[in-house]
Number of protein chains: 2
Amino acid sequence: MIKCVKCGQVEGIMKAGYVRGKQRFLCKPCNYYFTIQEKDVSTAVQQKRKRHQTTIIDIARTLGVSNSTVSRALHGHADISPDTRQAVLDTAALLDYQPNQLAYNLVKSRTNTIGMIVPEFHNPFFPNVIIGAHEVLTRAGYNLTIMQSNESYQVEISNTKAMLANRVDGLLISLTQETNNFDHLSVFEKRGIPLILFNRVCEEIDVPKVVVNDFESAFMAVEHLILNGYERIAHLGGPLTLLVSQERLRGYKAAMQKHGKTIESHMVIQGMLTQQKARIYGQYLLDLAERPDAIFAVNDSAAIEIMLIAKEKGIAIPDELGVVGFSDNPESAYIGPGLTTIRQPTLEMGQSTAEWILQLVDAEELNLHERKVLNTELIVRGSSMRKS
Amino acid sequence: MIKCVKCGQVEGIMKAGYVRGKQRFLCKPCNYYFTIQEKDVSTAVQQKRKRHQTTIIDIARTLGVSNSTVSRALHGHADISPDTRQAVLDTAALLDYQPNQLAYNLVKSRTNTIGMIVPEFHNPFFPNVIIGAHEVLTRAGYNLTIMQSNESYQVEISNTKAMLANRVDGLLISLTQETNNFDHLSVFEKRGIPLILFNRVCEEIDVPKVVVNDFESAFMAVEHLILNGYERIAHLGGPLTLLVSQERLRGYKAAMQKHGKTIESHMVIQGMLTQQKARIYGQYLLDLAERPDAIFAVNDSAAIEIMLIAKEKGIAIPDELGVVGFSDNPESAYIGPGLTTIRQPTLEMGQSTAEWILQLVDAEELNLHERKVLNTELIVRGSSMRKS
DNA sequence: AACGTATTCGCAAACGTTCCCGATAGTTTT
DNA sequence: AAAACTATCGGGAACGTTTGCGAATACGTT
């Protein structure tokens with residue numbers, strides 16, 4: 001602990017020069033310079049414990065060969081005779097050598113690491129995508145570094161900077177709902193680092209994207225409700241800053257229009273659906289004088305909240321109210337009645353995104369600005385099956 | 001693409017020496033050496049696109065100062081005058097400088113990265129632990145690299161090696177159910193890299209551990225069943241290679257003994273409970289001539305499987321059969337009747353493990369071989385509430 | 001004028017690898 | 001016997017930072 005000789009503080013002390021065996025410091029708070037005898041410093045500044053890690057050079061020295069030889073032997077280079085290779089391998093095992101990936105990364109300017117930024121972890125969607133991506137990347141010998149933007153644009157920016165600083169070989173990102181500027185992403189293109197958007201994508205920048213067919217899925221869900229005899233269908237949607245919300249809204253509208261249903265604007269609500277918000281909106285909808293006879297929710301947790309409210313109010317599901325969600329959370333299968341929903345291929349999304357980024361990492365040019373659309377599945381359960 | 005001039009293959013071609021403007025190669029498959037004119041090689045070997053990243057040196061050159069000055073200016077070292085610092089910052093922004101963390105890591109031999117190895121991702125337990133740890137680490141300026149051992153001892157070993165190679169500053173690990181040798185972990189102690197076991201721990205090595213009170217939790221669960229009038233309670237347990245399974249079994253037995261219930265050995269089943277296994281064991285238990293009137297399962301998915309089997313067989317829950325699970329998966333709240341279970345503080349486990357490792361990373365000595373035990377909570381729902 | 005101190009910068013050695021360009025024998029081929 | 005080739009190894013630069021140890025001024029103070 002270095003203490004300022006004037007104010008006595010220990011925080012905010014900075015190194016500042018050196019003079020004849022004395023370390024000089026600057027106390028930032030009181031802006032005062034002072035010197036300390038070096039021997040005192042060495043005891044005051046905590047010595048970081050730093051065991052010696054055996055390196056390639058150690059092996060080279062004990063064997064009396066050059067480090068190039070050791071390096072090549074360890075990598076199975078053709079130039080090395082079987083005898084020396086074996087000797088190197090033996091002493092490496094003997095000295096308990098572990099390669100230093102950091103040095104390797106520095107010289108190759110390649111990390112064998114793919115970065116992934118997701119907005120949140122709380123609903124099971126992103127963990128599942130991670131499982132899929134993780135599996136593919138691990139098999140290919142890559143590591144996966146995960147960061148969480150926590151739905152904050154600022155955090156997303158700092159995340160991307162950290163990814164750049166750590167020199168990931170590629171980045172998979174699902175955008176924040178706040179994100180409407182994309183300069184922090186175009187940096188990757190300038191640097192030649194492949195970038196793939198998945199799930200939460202945007203149209204503004206021209207990079208590979210992996211999404212599900214949100215429009216068709218919503219269309220399918222709403223049409224399913226209509227075909228089961230529901231007439232006045234409300235939509236509890238997500239924030240319109242998200243393309244997925246826009247698409248699902250579009251699908252809802254298209255299905256309604258196709259079947260000649262009028263869309264009542266006060267029954268289409270968009271917003272960030274926390275549990276409380278979902279409850280408020282749901283109560284609003286179910287308290288309406290002419291309440292809807294079905295609700296298509298943008299995700300399962302909102303749909304389940306609707307079901308709970310309906311139960312409290314004594315509204316029978318599915319006879320008096322049909323409900324369809326989106327995502328097929330695990331609980332949706334077990335709630336009674338089961339929640340009809342759209343199953344998204346989360347694992348597949350992770351896998352195909354990962355496979356794609358691996359291609360791009362090794363690609364010459366990364367101008368394959370395509371878009372991969374994965375198909376969903378309508379899971380029909382009790383919540384939308386009117387007995388009629 | 002380099003082709004072997006003998007066998008024509010392109011796979012398995014290795015660099016081998018160099019001679020007068022010619023690159024030499026070895027075709028591994030047919031073990032044949034051959035040379036190629038260097039200019040042909042340069043077109044044949046795909047040039048890795050490699051944009052120049054602006055470095056500290058670039059800034060130094062454009063400003064006519066030394067790189068030490070630039071480095072210090074970027075870090076706010078006290079030695080640098082405000083003018084030059086500003087100049088450095090300006091040109092850094094102008095040249096779009098991004099620090100190279102790899103070089104930093106190499107020279108500091110510190111990565112600001114914590115590694116985490118989990119056996120699986122499929123049940124929500126580990127993702128939740130990750131959320132907690134991630135939050136704490138991010139706030140402290142650390143990155144989190146996650147690997148998955150997939151319940152395989154061999155994969156766990158290769159994961160730990162990769163963690164070592166990548167020089168993580170600390171490791172959080174939850175063991176595989178196969179793991180019964182711990183040499184791959186003692187390496188970390190030799191290297192002075194802090195290591196914490198969580199959830200899936202072992203007694204054989206002396207490192208910090210974070211667990212829940214499995215014994216007390218199981219005791220609590222079984223006692224709850226007994227107090228609700230259940231008599232013949234079966235236990236569907238996990239593999240006994242896992243300490244958690246042992247502890248929960250011990251808790252089950254202790255509760256039974258305390259209340260003078262006889263433990264019928266054929267009603268205590270241990271094993272790796274995949275869905276199929278759970279179904280097989282569950283059917284066995286419920287087909288018994290004198291079947292149990294309650295089952296304490298080691299996890300919720302097994303408990304839910306039991307409930308489904310009971311429904312198929314027309315066994316009423318909770319009147320004819322009480323069921324208690326472990327973990328409080330999301331679906332457990334929504335199944336009918338609700339599943340009584342033990343809620344584990346997953347987020348807290350992640351948080352406290354992360355906080356602990358951060359302390360250890362900066363600690364002088366890491367001999368605080370303690371054990372942190374987190375408390376669980378019995379969530380009582382319908383599946384164990386006999387109406388009687 | 002001499003000297004002590006403040007302030008600001010630079011040199012160069014690490015950190016641990018990879019890999020280009022040879023070098024040096026021994027072995028064939030012409 | 002010269003030339004070409006095979007088989008193994010080494011020297012040393014490069015990757016981009018940090019930082020110990022000063023040096024070189026500028027400014028006061030006796």
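A few notes on this one:
- Of the residues making up segment B:148-157, those that are closer than 21 Å to A:P127 by Cβ and either facing chain A (nearest Cβ under 9 Å) or surrounded by fewer than 19 Cβ atoms within 10 Å (Cβ to Cβ) (or both) are B:Q148, B:N150, B:E151, B:S152, B:V155.
- Only one entry in A:T160, A:T145 is assigned to a helix (DSSP H, G or I), within 14 Å of chain B (Cβ to nearest Cβ) and not basic (K, R), namely A:T160.
- Pair list, Cβ under 6 Å, 6 or more apart: segment A:278-289 residue among the small types (G, A, S), other residue part of a helix (DSSP H, G or I): A:A278/A:A302; A:A278/A:E305; A:G282/A:E305; A:G282/A:I306; A:G282/A:I309
- Candidate set: segment A:222-242, residues that are outside any strand (DSSP E or B) and within 27 Å of the chain's Cα centre (by Cα); chosen: the one surrounded by the most Cβ atoms within 10 Å (Cβ to Cβ): A:L242
- Selected residue (only one of B:P82, B:P119 is more than 13 Å from DNA strand D (Cβ to nearest atom) and in contact with a Phe, Trp or Tyr (Cβ under 9 Å, 6 or more places away or on another chain)): B:P119
- Subset of segment B:209-227 that is in contact with a helix residue (DSSP H, G or I) (Cβ under 6 Å, 6 or more places away or on another chain) and not hydrophobic (A, V, I, L, M, F, W, C) - its residue that is nearest to B:W356 (Cα to Cα): B:D214
- Flag for A:K50 being surrounded by 12 or more Cβ atoms within 10 Å (Cβ to Cβ), within 12 Å of DNA strand C (Cβ to nearest atom), in a loop (DSSP other than H, G, I, E, B) and modelled with pLDDT under 80: no
- Scanning segment B:76-126 for residues that are within 30 Å of A:P124 (Cα to Cα) and within 16 Å of DNA strand C (Cβ to nearest atom) yields B:T111, B:N112.
- One residue from B:T341, B:T353 being surrounded by 16 or more Cβ atoms within 10 Å (Cβ to Cβ) and within 14 Å of chain A (Cβ to nearest Cβ): B:T341
- Failed item, numbered, when B:K253 is tested on (1) free of Cβ contacts under 8 Å to residues at least 12 places away in the same chain; (2) charged (D, E, K, R); (3) buried (at least 16 other Cβ atoms within 10 Å of the Cβ); (4) within 13 Å of chain A (Cβ to nearest Cβ): (4)
- Only one of B:A103, B:A92 that is in a helix (DSSP H, G or I), crowded, with 20+ Cβ neighbours inside 10 Å and out of contact with any Lys or Arg (no Cβ under 7 Å at 6 or more places or on another chain): B:A92
- Top-ranked residue of segment B:17-35 - restricted to ones that are facing chain A (nearest Cβ under 10 Å) and part of a loop (DSSP other than H, G, I, E, B), ranked as surrounded by the fewest Cβ atoms within 10 Å (Cβ to Cβ): B:N31
- Residue match in segment A:179-187 (condition: among the aromatic types (F, W, Y) and free of Cβ contacts under 8 Å to residues at least 24 places away in the same chain): yes
The values are calculated or read from the model by the stated rules, or taken from the named source; none is laboratory data. Note that the structure is predicted; figures quoted are calculated from it, not measured. Heads up, the Cβs are rebuilt from the backbone with ideal geometry, glycines too, and the neighbour counts pull from every protein chain shown.
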